[in-house]
Amino acid sequence: MLNLSYEFSKIISMKIRKSFLGCMMFFGILINAVFAQSLNTFTNPLLPAGADPWCVYKEGFYYYTNTTGRNITIWKTNNIARLQSAEKKVVFTPPATGPYSKELWAPEIHFLQGKWYIYFAADSGKNIDHRLWVLENSSIDPLQGDWVMKGKLTTPDDKWSIDGSLFEHKKQLYIIWSGWQGDVNESQNIYIAKMSNPWTVTGKRTKISTPELTWETHGDLNNPNDVAHVNVNEGPEVLVHNNKVFLIYSASGCWTDFYALGMLSAKGNANLMDAASWTKAPQPVFKQSIENSVFAPGHNSFFKSPDGKEDYILYHANAKAGQGCGGFRSPRAQKFTWNKDGSPNFGIPFKEGEQLHLPSGN
């Protein structure tokens, strides 16, 4: 009986071990599958907070920045979807006082003519003083070397200016920005001007968009210390595709849930300094998705996947209604496609936490 009991216990023990090993193998396969999926996907938001996101890709790395309001920080990563673990560095802290000491907004980093440049808006503590400013760095790596103040990027007529962005088209460098026609805060328009070098605007400015459509004019401030209402076109960014130039901009006040992206388009061989060359889309091309809990998406930029085969939009948005222009805005990215007429198709903003494929080539 003892021997039979021993043999029986051995058999039971072996079955238990096999069952345990089988379970371990199953869970191992499951964990590996989940881990593999996590390596090949990402979720939004890319950071807990960060308005006006911008990135540029150069020689294997994305250089990212967003509005902090108090300094300019650059993130460096070979995978834009992994910003939270990316190397980062504060590259510019403004002086305590002066014309560019407060409210640093919408920085952009560009590599032009062999050097790095950062363009940003700032003021002295009074919004009416907002103007554009330029930093320069001759280092190969923008996280190294010295960022020096190149000076004020004076736009024609020297009026209130924010959200400056540069692009080159047919060997001509242009700047686009959001600004006032005069000295009163009543409407933010989109302007364009030519540049003779990365820090000098030349010639006159041309107004190519003003907020006039219903969806562009949500802008009640409800602030007794400010004007009652402001119509907004801001955050202009350019896409060139199939010999067409598309300018994507943000419309309505960022303090409203109606903040959305609009689009201007021009033929590739058109005179971009002629307002008549630009056609405005009648409806927003990217807007809030109540069902996905994405509110006030806007102030975007664009990037390509590391292999250059996919196009992505990078934008900020709120997770709840009524969160406005504050620190709740977070950066998000998603792939977009192209319509038959050559225009971009951004779709609808994806909800937070949805698994999205990493850009191809990572």
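General remarks:
- Net lengthening on full extension, ASN79/ASN362 (0.36 nm per residue, minus Cα-Cα): 101.2 nm
- Label-to-label distance, LYS304 versus ASN40, with points set 7 angstrom from Cα along the beta-carbon direction: 2.4 nm.
- FRET efficiency for GLU354 and GLN283, using Cβ-Cβ distance with R0 set to 22 Å, rounded to 0.05: 0.35
- For SER301, the shell of other residues with beta-carbons less than 10 Å away shows a net charge of -3, using +1 for Lys and Arg and -1 for Asp and Glu.
- Pair-distance distribution P(r) for segment 88-172, from all Cα-Cα distances in 10 Å bins starting at 0: 17, 48, 29, 6, 0 percent.
- Sites excluded, GluC sites (Glu not before Pro) in DSSP loops with at most 16 other C-beta within 10 Å, longest stretch of the chain: 60-185
- Estimated distance in nm for a label pair at HIS241 and ALA96, the labels positioned 7 Å out from Cα along Cα-to-Cβ: 5.0
- Within segment 295-359, trypsin sites (Lys or Arg not before Pro) in DSSP loop having at most 16 other beta-carbon neighbours inside 10 Å: LYS309, LYS320, LYS340, LYS351
- In terms of its alpha-carbon gyration tensor, segment 234-360 comes out oblate; a/c meets the 1.5 threshold, while b/c is at least as large as a/b.
- Note on the chain: helix-only mean residue ellipticity at 222 nm, from DSSP H runs of 4+ residues weighted -39500 (n - 2.57) and normalised by residue number, equals -4000 deg cm²/dmol.
- Rounded to the nearest 0.05, the FRET efficiency derived from the C-beta distance between ASN269 and LYS320 at R0 = 56 Å is 0.80.
- Shape call, segment 165-316: gyration tensor on alpha carbons, a/c limit 1.5: oblate
- Average accessible surface for the chain: 49 Å² per residue, computed with a 1.4 Å probe over protein heavy atoms with every protein chain in place.
- Nearest-0.05 FRET efficiency for ALA276 and THR337, computed from C-beta distance (R0 30 Å): 0.55
- Size descriptor for the chain, Kirkwood hydrodynamic radius: 22.2 Å (Cα pairs only, one decimal).
- Per-atom-type breakdown for the chain gives carbon and sulfur 55% of the accessible area (1.4 Å probe, protein chains only).
- Net +/- balance of residues flanking TYR312 in space, Cβ distance below 13 Å, scoring K and R +1, D and E -1: 0
- Listed residues HIS110, HIS357, HIS229 arranged by accessible area, highest first, probe 1.4 Å: HIS357, HIS229, HIS110
- Shape class of segment 257-332 from the Cα gyration tensor (axes a ≥ b ≥ c, square roots of the eigenvalues): oblate, since a/c reaches 1.5 or more and a/b does not exceed b/c.
- C-alpha long axis of helix 2-40 to longest principal axis of the chain, angle in °: 10
The values are calculated or read from the model by the stated rules, or taken from the named source; none is laboratory data. Just so we're clear, the structure is a prediction, and the values are computed from it rather than from any experiment. Reconstructed Cβ throughout: ideal geometry from the backbone, glycine too, with neighbour counts over all protein chains shown. Each accessible area value is taken on the protein alone, full model and side chains, heavy atoms only, with ligands, DNA and RNA left out. Shrake-Rupley method; radii C 1.70, N 1.55, O 1.52, S 1.80 Å.
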